[in-house]
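A.B. asks: Sharing a structure here in structure tokens format.
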Amino acid sequence: MLQIQRILVPIDFSEHSTRALAHAREIAASHGARLDLLHVIEEPVFPSFNTLGAAVYGKPVGLRQMVQAALEELVEERGEPDIEAGFGYHVQRGRVAEEIAQFAKEHDVDLIVIASHGLTGLQQLMLGSIAETVVRAASCPVLVVKAFGKSLVEPHDTTAGGST
């Protein structure tokens, strides 16, 4: 039987990724595993100069800290279940699927829980599938949580006074 001690959840702040987080929290709670949240800031590709020859690069100051704070807030607002082994919050820059697979390998992750955005047809062909690429590249098992259909966990209502 697979001993799950560390779970990685890629977060893009979509509803789909928060659904994957809910699944990962349940698995982590039942296995006593640590939960690592990872957000990858994809670097846009620009030419190194514009028509005037001036650089067009620029990274917003404090972006990494803002994203990390948003990850922490996401965990706090979702609440239950409590994870005894704790959380890790990580922000990387690069190509999303490659960074997820590399993080999992470097940090000895036992399971990746990732959301599928449910793209099909031309959208999937043009945009590709991060989840599909991670499944192929990962060095550990990957649980893909579909964007629609059945769920293994109760939905979480974040509206004031709402319940599951």
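Read-outs: derived from the displayed coordinates by stated rules, not from any lab. It should be emphasised that the depicted structure is a prediction, and the values quoted were computed from it without experimental measurement. Don't worry about glycine lacking a Cβ; one is built from the backbone with ideal geometry, like all the others, and counts go over all protein chains shown.
A.B. asks: Using the count of nearby Cβ atoms within 10 Å as a rough guide to exposure, how do LEU2, LEU143 rank from fewest to most?
C.D. replies: LEU2, LEU143
A.B. asks: Something else: From the phi angles alone, apply the Karplus equation (6.51, -1.76, 1.60; θ = phi - 60°) to the range 137-147 and give each ³J(HN,Hα) in whole Hz, x where the residue is Gly or Pro.
C.D. replies: Taking θ as phi minus 60°, the curve returns 9, 5, 9, 9, x, 10, 9, 9, 8, 5, 6 Hz for the range 137-147.
A.B. asks: Something else now. Taking other Cβ within 10 Å of each residue's Cβ, how do GLU26, GLU15 sort, fewest first? Spell out each step's value before the answer.
C.D. replies: Numbers: GLU26 16, GLU15 9.
Final ranking by Cβ density, sparse to dense: GLU15, GLU26.
A.B. asks: Under 5 Å between amide hydrogens, which residues at least 5 positions from ILE41 or on another chain qualify, with H placed 1.01 Å from N in the peptide plane?
C.D. replies: Hits under the 5 Å cutoff: GLN92, ARG93, GLY94.
A.B. asks: How far apart, in nm, are the 7 Å Cα→Cβ label points at ARG93 and ALA29?
C.D. replies: Modelled inter-label distance: 3.7 nm.
A.B. asks: Count charges around VAL96 for me, please; just the other residues with Cβ under 14 Å from its Cβ, Lys/Arg as +1, Asp/Glu as -1. It would help to have the intermediate numbers written out before the result.
C.D. replies: Working: positive: ARG93, ARG95, ARG136; negative: ASP12, GLU42, GLU43, GLU98, GLU99, GLU132.
Net charge in that neighbourhood comes out at -3.
A.B. asks: Could you run the Karplus curve 6.51 cos²θ - 1.76 cosθ + 1.60 with θ = phi - 60° over the range 99-116 and give me ³J(HN,Hα) per residue in whole Hz, x for Gly and Pro?
C.D. replies: With the stated coefficients, the range 99-116 comes to 5, 5, 4, 5, 4, 4, 5, 5, 10, 6, 6, 8, 7, 10, 10, 10, 8, 9 Hz.
A.B. asks: Provide the gained length on full extension for the span ALA85 to LYS146, in nm with one decimal, where the gain is 0.36 nm per separating residue minus the Cα-Cα distance.
C.D. replies: Numbers: separation 61, 0.36 × 61 = 21.96 nm, distance 2.62 nm.
Gain in length upon complete extension: 19.3 nm.
A.B. asks: What nm distance separates the two modelled labels at MET66 and LEU2, each placed 7 Å from Cα along Cα→Cβ?
C.D. replies: Between MET66 and LEU2, the simple spin-label model gives 3.6 nm.
A.B. asks: Counting other beta carbons within 10 Å of each residue's own, what order do LEU21, LEU63, LEU111 fall into, fewest first? Kindly include the intermediate steps, with their values, before the conclusion.
C.D. replies: Working: LEU21 25, LEU63 12, LEU111 22.
Listed from fewest to most nearby Cβ atoms, that is LEU63, LEU111, LEU21.
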